[in-house]
Structures are given as structure tokens and as C-alpha cells.
Amino acid sequence: MNKSYHYWRSPALGIDMPMAVYGHFGTPMLMFPTAAADFEEYERMGLIGAIAHHVEAGRVKLYCVNAINNMSWFNDGIHPAERARRQALYDRYIHEEVVPFIHNNCNGMVGICTVGASMGAYHAVNEQLKHPWVFRYSIGMSGIYEISRYFDGYYDDNCYFNNPPDYVGGMTDHNALEQLRACSINIVVGQGPWEHVDWSERIADALWSKAVPCNFDKWGFDVSHDWPWWKVEMNHYIPKLFG
């Protein structure tokens, strides 16, 4: 499998941001790490190996990026307004820097699939919901989509526009809603240990309230919030979405 590293100093964030790219062809999948992990987490945890046959067959090409959760939502040393501002800057990094890189790397403005598990699912789905004309597919596994716990009672526009259940519920832009209705939005959650079905239900309910189709895929009571199941779920969804 082809693998390459890419680094640049992000104008939006003011820090060096790395990326690992796996594969040679296929639908680009932008993959966000869990919690405080980095851009090589999916490889370390064996998920890249588990889906390698899809990558080598040219179904998908993987773009694994860093998150900045330790600098933003998880940073108890800064005011919630600054946490939310940094999340807004991360959105700029993804949309204004990573997306053009992917399009250039793929030789065209192809639709991108966002992927993530746990906190990574938040970023994957948040990015698609904010930019549905770019991110045509999403796979959010065991996601944390309601993040007001990190606001500590504070609330501003950056909080609102980065808490998906809030801003989806308030969406009125016809064009944005039509773009979302044409997307494939896949909210996947198990009912086993450490899973929180209600977290996924809330974002699914918000989408349905706006007549936006959403595949709310609730797996069994044996399906836990853990890597072995995320590997199974990815191997289910890649051929389902991309042949």
C-alpha cells in the first residue's frame, strides 16, 4: 500500500499540521482521530490494516489528519469562548487547507467522505453538516455529537455553529438543506459497553426534523465502543458506499 507524509504550517492554526495519505486511487476518505490522538492512530490501532484490501483495490484513498482537541474542547485552562474559537479555526483549516490538498492530490474536485470514531465522529459529521457540497459522505461511529458539556455554561456563535444538534435544528437555508438531503450521512452506534445510543439519536432526530435523510444504524448489544467493532463497521460501510 502506498503511504506518504505531508506537513505544512497551517495559516489558520499557526502550528505545523501533519497528514498521512494511504493508497493510490478511489474515493477520498478524510479520517479524524479519536479524542487526543494523532494522525497515525488509525494505523497504530490496526484499522488501516483491517481495511487495506479496500485501499489496495482502489475503492478508497485515506487522508488521516491531526485533531486539536487538547488545544480546544479538552483544554480546561482556557475560557470556553477560546475553546470554541479554536474549533472554528480548525474548521477553517479543514475546509480551506485540507480540502484543496485532497482535491489537488486526487486531480479534481471529487466528493469526499469524512470518517471518525468517538470524538473523531464529531469532527467527521460536523464537517459534513457545515460543508455538504464538499463532503458528500460521512461515517460517524460511536459518536459524541452534543458537545455543550465543554461550554461550561457559556454560549456564543462559535458554540452554536459547532454543536451539530443545535445548528441543524435551526437551519433554514434551503440550498444548504438541499445539499444535505443529497448526501449520505451514516450515524453508526452499538448498544454494548461504553456506547451512548442517545448521543447518536439526538443528531439523527435533528436531521430528520429538517427532512434530511440519515442512516441511523444501531448495532447489537454485543457491539462496544472500541476498535474491534470500528474495524468491522468500516469493512461493512466501504463496500456498501463505494462498491
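The values are calculated or read from the model by the stated rules, or taken from the named source; none is laboratory data. These numbers were taken from a predicted model, which means no experiment stands behind them. Reconstructed Cβ throughout: ideal geometry from the backbone, glycine too, with neighbour counts over all protein chains shown.
Only one of the listed residues (84, 57, 20) is crowded, with 16+ Cβ neighbours inside 10 Å, over 29 Å from residue 155 (Cα atoms) and of a type in the set (Gly, Ala, Ser). That residue is 20.
Across segment 206-243, the number of residues qualifying as basic (Lys, Arg) and assigned to a loop (DSSP other than H, G, I, E, B) comes to 1.
The C-beta contact set for segment 209-220 (first residue without any contact (Cβ under 8 Å) to a residue 24 or more places away in the chain and farther than 17 Å from residue 179 by Cβ, second residue hydroxyl-bearing (Ser, Thr, Tyr) and surrounded by fewer than 15 Cβ atoms within 10 Å (Cβ to Cβ), distance under 7 angstrom, 6+ apart or interchain) is empty. Against the test of being out of contact with any His (no Cβ under 9 Å at 6 or more places or on another chain), in a loop (DSSP other than H, G, I, E, B) and either surrounded by 24 or more Cβ atoms within 10 Å (Cβ to Cβ) or at pLDDT 95 or above (or both), the options 165, 132 yield a single qualifying residue, 132.
Could you please find all residues in segment 99-129 being surrounded by fewer than 19 Cβ atoms within 10 Å (Cβ to Cβ) and within 25 Å of residue 35 (Cβ to Cβ)?
First, the residues of segment 99-129 that are surrounded by fewer than 19 Cβ atoms within 10 Å (Cβ to Cβ): 100-101, 103-111.
Within segment 99-129, 101 is the sole residue that qualifies.
Name the residues in segment 88-124 that are part of a loop (DSSP other than H, G, I, E, B), closer than 15 Å to residue 136 by Cα, without any contact (Cβ under 8 Å) to a residue 40 or more places away in the chain and not aliphatic (A, V, I, L, M), would you? Scanning segment 88-124 gives a single hit, 108.
Take the conditions closer than 21 Å to residue 128 by Cβ, in contact (Cβ under 8 Å) with a residue 24 or more places away in the chain and small (Gly, Ala, Ser) and apply them to residue 46. Does it pass? Taking the combined requirement at face value, the residue does not satisfy it.
Does segment 49-65 contain any residue that is modelled with pLDDT of 95 or more and on the phi > 0 side of the Ramachandran plot? Yes: segment 49-65 contains one or more residues that are modelled with pLDDT of 95 or more and on the phi > 0 side of the Ramachandran plot.
The residues of segment 6-37 that are of a type in the set (Gly, Ala, Ser), more than 14 Å from residue 48 (Cβ to Cβ) and under 17 Å from the mean Cα position of the chain (by Cα), listed by number, are 35, 36.
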